[in-house]
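The next block holds one structure in the form of structure tokens; read it before the comments.
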Amino acid sequence: MNNGPLEGDGSAKYKADDWSYGTSLGVVYSPQPGTRLGLSYTSEINLDFKDKLKLEGIGPVAQHSLQERGVLDAATKINMNVPQTLTFSIYHELDDQWALLASANWQDWSRFGEVGIDLDSNKPKSISLDAKFKDTWHLSLGTQYRFDRRWMWMAGIGYDSSAVDDKNRTVTVPMAESWRFGTGLTYTLDPQTEVNVSYEFVSMGDMPVTQEKPDGTRISGSFNNAWIQALSTSATWRF
């Protein structure tokens with residue numbers, strides 16, 4: 001938190017947790033042996049976080065301004081929506097060893113960008129923020145190769161559209177369109193148990209940022225050649 005040219009930076013801390021519930025529905029149709037079509041839906045989930053916003057080192061000017069607005073020592077409630085999703089997928093076996101997979105996914109990120117903030121203080125108020133997020137699309141194509149009845153290799157490529165335009169990107173949530181490249185192995189211990197290990201590389205390219213702060217000043221910069229790597233393991237048990 002920058003207070004101005006004559007004062008040092010301050011800090012803000014907000015810590016909270018919540019639980020909620022949602023619905024997941026899916027259907028699989030097999031038009032012929034070795035081919036499956038799937039459609040799945042996950043509902044939106046609403047989360048309400050409650051805590052007092054803790055500010056330190058903000059300086060007397062900013063402290064007086066926030067106190068006048070009823071922000072200091074206010075019980076703060078933040079309302080967020082985890083987006084609903086819809087996924088269509090295809091699985092097709094070419095032979096006893098090779099299979100092809102494809103999927104298309106839609107996510108309602110425009111709802112995630114709408115955040116409600118309620119301040120419970122001597123000057124209670126409600127604030128609605130719109131990060132101007134857009135709905136996103138995900139497309140992927142993959143393959144599986146089964147060495148034998150225990151070992152299977154997987155690889156795939158995917159594309160995600162950006163949830164924000166360049167002009168609406170912020171330093172706090174620097175999202176952009178991305179390309180995903182992944183590979184992995186599955187080992188079958190028995191008919192009920194599988195062990196998986198996978199690696200994924202996500203490339204987001206250059207992400208320019210031009211963000212206007214509440215005091216009217218602007219932050220300009222760029223996340224150059226942004227990328228993410230992930231190595232994961234999991235186990236599947238059927239019963």
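Listed by first and then second residue, the pairs with beta-carbon distance under 7 Å, at least 6 apart or on different chains, first residue in segment 173-200 and free of Cβ contacts under 8 Å to residues at least 60 places away in the same chain and acidic (D, E), second surrounded by 14 or more Cβ atoms within 10 Å (Cβ to Cβ) and not in a strand (DSSP E or B), are E177/S161; E177/S162.
Before we move on, is D166 among the charged types (D, E, K, R) and modelled with pLDDT under 80?
Details: among the charged types (D, E, K, R): yes; modelled with pLDDT under 80: no.
No, not satisfied.
Against the criterion of being closer than 30 Å to D96 by Cβ and of a type in the set (V, I, T), T236 qualifies. Pairs please, first residue from segment 46-61 and on the phi > 0 side of the Ramachandran plot, second anywhere and at pLDDT below 70 and surrounded by 14 or more Cβ atoms within 10 Å (Cβ to Cβ), Cβ atoms under 6 Å, 6+ apart in sequence or on different chains. The qualifying pairs are G57/G10; G59/N3; G59/E7.
Taking segment 187-239 as the range and being among the acidic types (D, E) and either modelled with pLDDT of 95 or more or assigned to a strand (DSSP E or B) (or both) as the test, the residues that pass are D190, E194, E200, D206, E212. The residues listed here are V28, V115, V71; of these, the one that is among the hydrophobic types (A, V, I, L, M, F, W, C), modelled with pLDDT under 85 and assigned to a strand (DSSP E or B) is V115. Here L189, L231 are screened, and the one residue that is over 24 Å from T136 (Cα atoms) and either polar (S, T, N, Q) or surrounded by 11 or more Cβ atoms within 10 Å (Cβ to Cβ) (or both) is L189. Taken together, W179, W153 contain a single residue that is surrounded by 13 or more Cβ atoms within 10 Å (Cβ to Cβ), of a type in the set (F, W, Y) and in contact with a Leu (Cβ under 7 Å, 6 or more places away or on another chain), which is W153. In this entry, W151 is excluded by the filter for residues that are at pLDDT 90 or above, of a type in the set (F, W, Y) and under 27 Å from F88 (Cβ atoms).
The values are calculated or read from the model by the stated rules, or taken from the named source; none is laboratory data. From a predicted model like this one, the values you see are computed outputs, not experimental measurements. Quick reminder, even Gly has a Cβ in these numbers, built from the backbone with ideal geometry, and neighbours come from all protein chains shown.
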